[in-house]
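Working notes, structure below.
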Amino acid sequence: MKFRVGFGFDVHQFVTGRQLILGGVRIPHSRGLSGHSDADAVVHAVMDALLGAAGLDDIGVHFPNTDLKYRDIDSRILLREVKEKIYESGFEISNIDITVVAQAPKISPHAKQMKMNISADLNVAVNQVGIKATTTESLGFVGREEGVAVWAAAALIA
């Protein structure tokens, strides 16, 4: 059995006039995240972690921000496409671990639904998806509430 690990990272800046979507959940907040798609930094980090573990190119290659068909697209649609690429490459998903770094809003009230969304999209059990949240204790761009950062790790088995 082969065991592969991938790492994903994504950052998006807060902007007015957009909904905040993280892990496929619309979170009540005064601002959303800037991006070509729906800017779901959680899903983007997970996709990069999965693609990296499989030795495939990153999401920018698969879903370029220069392609208008991805403008404002629901990132969960792209996550399901990544899942198919992973399975076609001969891998199964062992688990995903995610850390959301945001000063605001609070992530923990939404973590369960995020886990359920990601597990459904990847066709894995909810306990194969971990989501944690932290702040930066008011330090840096996250601490100044300028944006959100997300780290994700993925383990695959072949």
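The values are calculated or read from the model by the stated rules, or taken from the named source; none is laboratory data. Just so you know, these numbers come straight off a predicted model, no measurement behind them. Note that we place each Cβ from the backbone using ideal geometry, even for glycine, and neighbour counts take in every protein chain shown.
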> Which one is surrounded by the most Cβ atoms within 10 Å (Cβ to Cβ), of the residues in segment 100-158 that are touching a residue at least 60 places away in the same chain (Cβ under 8 Å) and among the polar types (S, T, N, Q)?
Replying inline: Asn117
>> Considering only residues that are part of a loop (DSSP other than H, G, I, E, B) and within 20 Å of Gln13 (Cβ to Cβ), which ones fall in segment 91-112?
In response: Ala102, Gln103, Ala104, Pro105, Lys106, Ile107
> Of Ala54, Ala45, which residue is touching a Leu at 6+ places or on another chain (Cβ under 7 Å) and modelled with pLDDT of 95 or more?
Replying inline: Ala54
> Do we have Asp10 as of a type in the set (Asp, Glu), in a loop (DSSP other than H, G, I, E, B) and at pLDDT 95 or above here?
Replying inline: no
> Looking at Leu51, is it of a type in the set (A, V, I, L, M, F, W, C), part of a helix (DSSP H, G or I) and in contact with a strand residue (DSSP E or B) (Cβ under 9 Å, 6 or more places away or on another chain)?
Replying inline: yes
